[in-house]
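The values are calculated or read from the model by the stated rules, or taken from the named source; none is laboratory data. Because the structure is a prediction, the values reported are computed rather than measured. Quick reminder, even Gly has a Cβ in these numbers, built from the backbone with ideal geometry, and neighbours come from all protein chains shown. Note: areas computed on protein heavy atoms with side chains; ligands, DNA, RNA excluded. Shrake-Rupley method; radii C 1.70, N 1.55, O 1.52, S 1.80 Å.
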Amino acid sequence: GKDAEYDAWLIQIGNKDQFSSGFVEVNPNSKIPAMVDKSAGDLKVFESGSILLYLAEKFDSFLPKDPATRVQAMNWLFFNIGSAPYVGNFGHFYHYAHQKQRYPINRFTMETKRQLDVLNKHLEKNEYLAGDEYSIADIANFPWHGSLVLGKSYADSDVFLNVREEYPHVIRWAKSIAERPAVKRGNIVNRTSGPLEERLRERHDASDFETKTEDKLQQQSTSEEGSRKRAKTS
């Protein structure tokens with residue numbers, strides 16, 4: 001990979017930020033993520049697959065050079081584009097919906113398990129989705145199926161889906177990706193919940209990972225408050 005500077009602005013979908021005029025100018029479909037490439041004349045790029053492919057080609061990274069391997073990476077990238085909404089619907093009806101309904105839970109549970117089975121069989125014979133090479137296909141699928149089997153999505157859904165017994169190869173793949181330094185950094189960007197040290201509300205400089213996580217900001221605030229109090233009593 002190659003280092004690239006970027007600004008990661010927080011879009012709070014609960015507050016309907018995605019429907020603001022500024023965001024709609026970038027993505028008329030009002031969905032996150034979306035990107036503006038300032039180095040390319042404010043070029044607007046939206047949809048996860050499009051963003052990943054654009055960045056892979058721009059920085060010549062995470063896209064296999066071998067034509068056959070590249071096709072495999074693209075196959076699994078587009079697998080994610082087609083499959084992720086079903087995982088999202090599973091999460092909605094299983095975890096978020098106020099009224100639990102058996103039919104949609106069963107429907108999307110079976111489809112999610114089918115997708116995990118497809119991945120499990122493939123990853124039994126391959127280290128990564130495109131073979132031996134980590135690619136944008138893995139980057140696209142990890143936040144959905146990877147987080148799911150690691151128990152990072154939708155409360156206890158990993159237990160409900162019986163992932164430990166049924167999808168060991170997906171778990172192996174997900175654990176290996178979760179340990180990558182860039183993935184660890186990316187996982188905390190724009191987070192507003194969870195452990196304080198894993199919350200970086202916005203990212204505007206590489207140093208923000210060391211100085212602007214929520215735990216560091218609270219420490220700074222406490223230190224500044226202590227300094228003000230000492231100044232008043234001196």
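Helices (runs of 4 or more DSSP H) wholly in the stretch 25-123 with at least 1 residues that are open to solvent by 70 Å² or more (accessible area, probe 1.4 Å) and farther than 28 Å from VAL163 by Cα - which ones?
Where helices (runs of 4 or more DSSP H) fall fully within the stretch 25-123 and carry at least 1 residues being open to solvent by 70 Å² or more (accessible area, probe 1.4 Å) and farther than 28 Å from VAL163 by Cα, they are 48-59, 67-91.
Does ILE11 satisfy the condition of being in a loop (DSSP other than H, G, I, E, B), among the β-branched types (Val, Ile, Thr) and under 21 Å from the mean Cα position of the chain (by Cα)?
Yes; evaluated as a whole, the condition is true for this residue.
For a quick check of your reading of the model, give me the residue pairs whose first member lies in the stretch 177-195 and is without any contact (Cβ under 8 Å) to a residue 24 or more places away in the chain, whose second is of a type outside the set (Ser, Thr, Tyr) and surrounded by 15 or more Cβ atoms within 10 Å (Cβ to Cβ), with beta-carbon atoms closer than 6 Å and at least 6 apart or on different chains.
Between residues of the stretch 177-195 that are without any contact (Cβ under 8 Å) to a residue 24 or more places away in the chain and residues that are of a type outside the set (Ser, Thr, Tyr) and surrounded by 15 or more Cβ atoms within 10 Å (Cβ to Cβ), the close pairs are ARG191/ARG199.
Residues checked against (1) closer than 14 Å to LEU116 by Cα; (2) in contact with a helix residue (DSSP H, G or I) (Cβ under 9 Å, 6 or more places away or on another chain):
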position	(1), (2)
ARG164	yes, yes
TYR167	yes, yes
ARG172	yes, yes
ARG199	no, yes
GLU210	no, yes
SER221	no, no
